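The values are calculated or read from the model by the stated rules, or taken from the named source; none is laboratory data. Predicted model, so just to flag it, every value in this text is computed and none were measured. Because the Cβ atoms are built from the backbone with ideal geometry, glycine has one as well, and the counts that use them run over all protein chains shown.
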Protein chains: 2
Amino acid sequence: MSKLLLEVFSDEVAVGVAYKNKSLKRAIISYLDEVGNTTIADLNKHLNISTPKIINLVNELIQDGLIKDYGKVDSTGGRRASMYGLVAESAFFLGVDVKRYSVNIGLLDFKKNLVTTKEDIPYKLENTNDSFEELVKIIEAFLDESPVRRDKVLGIGVNLSGRINNATGYSYSFFHFHEEPLATIFETRLGIRTFLENDSRAMAYGEFYLGNVNNERNVLFVNMDYGIGLGILVDGKVYYGKSGFSGEFGHIPFFTNEIICHCGKKGCLETEASGNALVRIFKEKIRSGSSSQLLHKDHDIESIKLQDIIEAAQNDDVLSIELIAQIGEKIGKGVAVLINLFNPELVILGGTLALTGDYIRLPLRSALNKYSLSLVNNDSQLKMSKLGEKAGVIGGCLMARNKVFAKNSGE
Amino acid sequence: MSKLLLEVFSDEVAVGVAYKNKSLKRAIISYLDEVGNTTIADLNKHLNISTPKIINLVNELIQDGLIKDYGKVDSTGGRRASMYGLVAESAFFLGVDVKRYSVNIGLLDFKKNLVTTKEDIPYKLENTNDSFEELVKIIEAFLDESPVRRDKVLGIGVNLSGRINNATGYSYSFFHFHEEPLATIFETRLGIRTFLENDSRAMAYGEFYLGNVNNERNVLFVNMDYGIGLGILVDGKVYYGKSGFSGEFGHIPFFTNEIICHCGKKGCLETEASGNALVRIFKEKIRSGSSSQLLHKDHDIESIKLQDIIEAAQNDDVLSIELIAQIGEKIGKGVAVLINLFNPELVILGGTLALTGDYIRLPLRSALNKYSLSLVNNDSQLKMSKLGEKAGVIGGCLMARNKVFAKNSGE
DNA sequence: AATACTTTTTTAATTTTTTTATTTAGTTGG
DNA sequence: CCAACTAAATAAAAAAATTAAAAAAGTATT
């Protein structure tokens, strides 16, 4: 049974008709994944396979437990067709969103529902073996507590900050102790296929495949946090670049200033347009005599966090609102660059700063109008993130899901 | 015979086995196109089709005249296999590179050899119907003079400057007189499928598929002329964006100056880093007393062209060399943005300014090192254009070729 | 030079898939 | 409520593709 389940997604290479059947089954699953429930007739049209063959394959997939009959469609004038669709509880994917001081974990079913989540698990990300072991323990514990059989979890997606090569599974910023790729080490420890992803890109994954994206195929996701990240969707697929380092939007040379970025360069976009910049400028303003709600609370000015400023803005703190608008304007000028280059259908704003809503969106929007070519800009919608805090976890699951789906299909 | 030739590339939709055979034949052609001549055994491995079936399809393609037997391979220890490959003279593609004061036309055969070209045909591009009629006449004349039968020309690619939607065939900057897309009007006039392309992107097409790109799948082509254009290759495919307006690199907001760009905005990259900027700054320098070779010749300073400055630099004119270096440094800073965003394997420099070779390359290269993240930058090679002046024509042909190849296969 | 070994190509047998025809299921309109 | 119609599913027949086996065409080695 569990052997059967895995057959379609196993990585053993098939040849001849076995290979073709495997490909066709995946095509069916992908199609159902894309359009939801559908009929035999529709499958046969879209996949260009004859009806009897489709029926055969669908029956096998039903036996495998991956697909089921969801009843008849509404009348179309003749015999009513059976609708087939994916079975939610047939397989699961785990997303592990590792943050600097906590971990979020979530489990996604085969139909992309988030089944269980555990948020803000205490954890301290350090580049030590102990920290790695602790992370493995947290994942193990989550799997043990979970009501889902472990062999039904087909893949795990782990989001880490820093430079990650998703294709090879290497992490360069954290846990880079062994010859083997980190993903492989996770795999041997957990017994489940594991994939790594950069945190911003994982969030983008979530937004692209389960958030505010519907049929758009060229989309940008801007992650506005302490730093500024970017996820790129090109022709419906997440773009990686040669080594998976694409989207270093925060570090494009954009300003002529003397502020040294944590990447070591001067003039990066992040130095003036980011959560970090917001906190820095806020403190400077306070020091030079500006007033704010945050002064009146029992706040130590030096320990003010990005979150504090965002909350203050939500409570109508004038200084916070003003500074967020300034930051938004600058990010907007940066996004104008992206729009000119990518001519995307949609730009999604996410990350902590997106929680300020119109306070950041409106100045950003007007900067777009001011700085990008109108013919190009007219094509691009601007939306706020739909998944919010959950984008990372969901994105991790979806990335793993995509990886498992894609294996041996693209060769 | 000519009917047979077109069958594989016809746009009539096939169903059932006819559809599958058509797809498989296209797969064979694409594969041969990619890897050159190969054997039956190799085709059967790579395309996952059984040997007898491959032999069948290959024989049919031989009958159609699209493929032929190129003799035996070198020994591999057993029976020597026959090599099959595309037949160069089985089909042709026309590229029409329309410039402001001239037209270049070229004919490419099925194996991507440039058979005939006619360069610098006198023509004046104006947005009038007369100008359009003149262009049609030029193309007709070229086809008539050509030794190739007209029905063997499967597609025409026309490069125009300005905003072009390659997918719909609309041109917004030139010849936008009718409801119908311009491509359709060309088609009815010439009787051959016609596709439009933006000039910078067409050049990129040429470089990507027949120039300095080998196996790289993520490549940028920077067209350095009076303006600065960009062609983007993502995962081996040319990137268009929503409406085909991607790559407006020249108009990203990059400087805080008061120079008004011809696009109407201020601070565009082009205002300080382009051929236009070079000419402007050159004239300013001369006016404020700088010296140059160009002064000693019988040159009217006001009528100095980009080409003049490039030639002067090639003759060791110090001012020209200096200014080109300055421009190169600024373009390099812009390209650093691209590298951070795209993490490409390769960046190709083309266009008129690329003719200055190291004079522009070296300062540009050092700006890259200075302004882009080193981990990302290390991935990116920097090469000069291989096709030079011919990039446009060749790109036009290749674009049309790709379009004809892709039709009804992607659907 | 003959034999053993490799690898490709051809042929024949078998399996798989499609096609076509038929049955089943349901709708609609008189 | 029943005939006429539409569409889906099934079954049988036909076609097509794969598999397996044999033959052909080489190479290498003794």
In region A:282-306, how many are closer than 24 Å to A:ILE228 by Cβ, charged (D, E, K, R) and not in a helix (DSSP H, G or I)?
1
Take the residues in region B:258-278 that are within 11 Å of another protein chain (Cβ to nearest Cβ) and within 15 Å of B:GLY334 (Cβ to Cβ), then tell me which one is nearest to the chain's Cα centre (by Cα).
B:LEU269
Taking region B:190-211 and keeping only residues that are away from chain A (no Cβ under 13 Å), of a type in the set (D, E, K, R) and either assigned to a helix (DSSP H, G or I) or within 20 Å of B:ILE331 (Cα to Cα) (or both), one is left with B:ASP199, B:GLU207
List pairs: first residue in region B:72-101 and among the basic types (Lys, Arg), second residue away from DNA strand D (no atom under 16 Å from the Cβ) anywhere in the structure, Cβ distance under 6 angstrom, at least six positions apart or on different chains.
B:ARG100/B:LEU125
Restricting to region B:352-368, count the residues that are under 22 Å from B:TYR209 (Cα atoms) and buried (at least 24 other Cβ atoms within 10 Å of the Cβ).
1
Just name the residue that is farthest from the other protein chains (Cβ to nearest Cβ) out of those in region B:70-81 that are surrounded by 12 or more Cβ atoms within 10 Å (Cβ to Cβ) and near DNA strand C (Cβ under 9 Å from one of its atoms).
B:LYS72
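For (1) modelled with pLDDT of 95 or more; (2) touching a His at 6+ places or on another chain (Cβ under 6 Å); (3) under 30 Å from A:GLU197 (Cα atoms), each residue gets a yes or a no:
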{"site": "A:LEU4", "(1), (2), (3)": "no, no, yes"}
{"site": "A:GLY16", "(1), (2), (3)": "no, no, no"}
{"site": "A:GLU34", "(1), (2), (3)": "no, no, yes"}
{"site": "A:GLN63", "(1), (2), (3)": "no, no, no"}
{"site": "A:LYS72", "(1), (2), (3)": "no, no, no"}
{"site": "A:GLY77", "(1), (2), (3)": "no, no, no"}
{"site": "A:ALA88", "(1), (2), (3)": "yes, no, yes"}
{"site": "A:GLY95", "(1), (2), (3)": "yes, no, yes"}
List the number of the failed condition for B:THR194; all other conditions in (1) of a type in the set (S, T, N, Q); (2) in contact (Cβ under 8 Å) with a residue 24 or more places away in the chain; (3) closer than 26 Å to A:SER243 by Cβ hold.
(3)
Of those in region A:37-59 that are away from chain B (no Cβ under 14 Å) and either of a type in the set (Val, Ile, Thr) or surrounded by fewer than 17 Cβ atoms within 10 Å (Cβ to Cβ) (or both), the residue nearest to DNA strand D (Cβ to nearest atom) is A:ILE40
Test for B:ALA88: is it of a type outside the set (Val, Ile, Thr) and more than 9 Å from DNA strand C (Cβ to nearest atom)
yes
Taking region A:254-281 and keeping residues buried (at least 23 other Cβ atoms within 10 Å of the Cβ) and assigned to a strand (DSSP E or B) leaves A:CYS268
Within region A:20-39, does at least one residue satisfy the condition of being of a type in the set (Lys, Arg), more than 29 Å from the chain's Cα centre (by Cα) and more than 29 Å from B:ASN44 (Cβ to Cβ)?
no
Matching residues, region A:248-276, being under 15 Å from B:ALA336 (Cα atoms) and touching a residue at least 40 places away in the same chain (Cβ under 8 Å):
A:PHE249, A:ILE252, A:PHE254, A:LEU269
Does B:GLY396 count as part of a helix (DSSP H, G or I), in contact with a Pro (Cβ under 8 Å, 6 or more places away or on another chain) and crowded, with 23+ Cβ neighbours inside 10 Å?
no
Out of everything in region B:17-36 that is under 19 Å from B:PHE405 (Cβ atoms) and aliphatic (A, V, I, L, M), what residue ends up being surrounded by the most Cβ atoms within 10 Å (Cβ to Cβ)?
B:ILE28
Which of the residues that make up region A:105-144 are hydroxyl-bearing (Ser, Thr, Tyr), without any contact (Cβ under 8 Å) to a residue 60 or more places away in the chain and touching a strand residue (DSSP E or B) at 6+ places or on another chain (Cβ under 7 Å)?
A:THR116, A:TYR123
Restricting attention to region B:212-227, which residues are under 21 Å from B:LEU364 (Cα atoms), away from chain A (no Cβ under 11 Å) and either over 15 Å from the mean Cα position of the chain (by Cα) or not in a strand (DSSP E or B) (or both)?
B:ASN212, B:VAL213, B:ASP225, B:TYR226, B:GLY227
Within region B:228-257, tally of residues that are facing another protein chain (nearest Cβ under 7 Å) and out of contact with any helix residue (DSSP H, G or I) (no Cβ under 9 Å at 6 or more places or on another chain)
0
Does region A:208-252 hold any residues that are of a type in the set (D, E, K, R) and surrounded by fewer than 23 Cβ atoms within 10 Å (Cβ to Cβ), and which are they?
A:GLU216, A:ARG217, A:ASP225, A:ASP235, A:LYS237, A:LYS242
Please determine whether any residue of region A:25-35 is near DNA strand C (Cβ under 10 Å from one of its atoms), aliphatic (A, V, I, L, M) and more than 11 Å from every other protein chain (Cβ to nearest Cβ).
no
Looking for whichever is assigned to a helix (DSSP H, G or I), away from chain B (no Cβ under 14 Å) and β-branched (Val, Ile, Thr) here; the options are A:ILE348, A:ILE331, A:ILE309, A:ILE339. Which one fits?
A:ILE309
Kindly indicate the residue of region A:60-69 that is surrounded by 12 or more Cβ atoms within 10 Å (Cβ to Cβ) and away from DNA strand D (no atom under 11 Å from the Cβ) and also farthest from the other protein chains (Cβ to nearest Cβ) among those meeting that condition.
A:LYS68
Going by what's in this entry, would A:ASP64 be described as among the charged types (D, E, K, R) and touching a residue at least 40 places away in the same chain (Cβ under 8 Å)?
yes
I'd like to know if region A:116-129 contains one or more residues that are under 19 Å from the mean Cα position of the chain (by Cα), of a type in the set (Ser, Thr, Tyr) and crowded, with 20+ Cβ neighbours inside 10 Å.
no
Looking at this structure, is B:ASP358 among the acidic types (Asp, Glu) and at pLDDT 95 or above?
yes
Any residue in region B:362-386 that's at the interface with chain A (Cβ under 10 Å from one of its Cβ atoms): show its pairings with residues that are among the small types (Gly, Ala, Ser) at Cβ separation under 7 Å, as long as the two are six or more apart or on different chains.
B:ALA367/B:GLY332; B:ALA367/B:ALA336; B:TYR371/B:ALA336; B:SER372/B:ALA336; B:ASP379/A:SER243
For region A:70-86, give me the residue count where each residue is under 31 Å from the mean Cα position of the chain (by Cα) and either within 16 Å of DNA strand D (Cβ to nearest atom) or under 30 Å from A:ILE121 (Cα atoms) (or both).
4
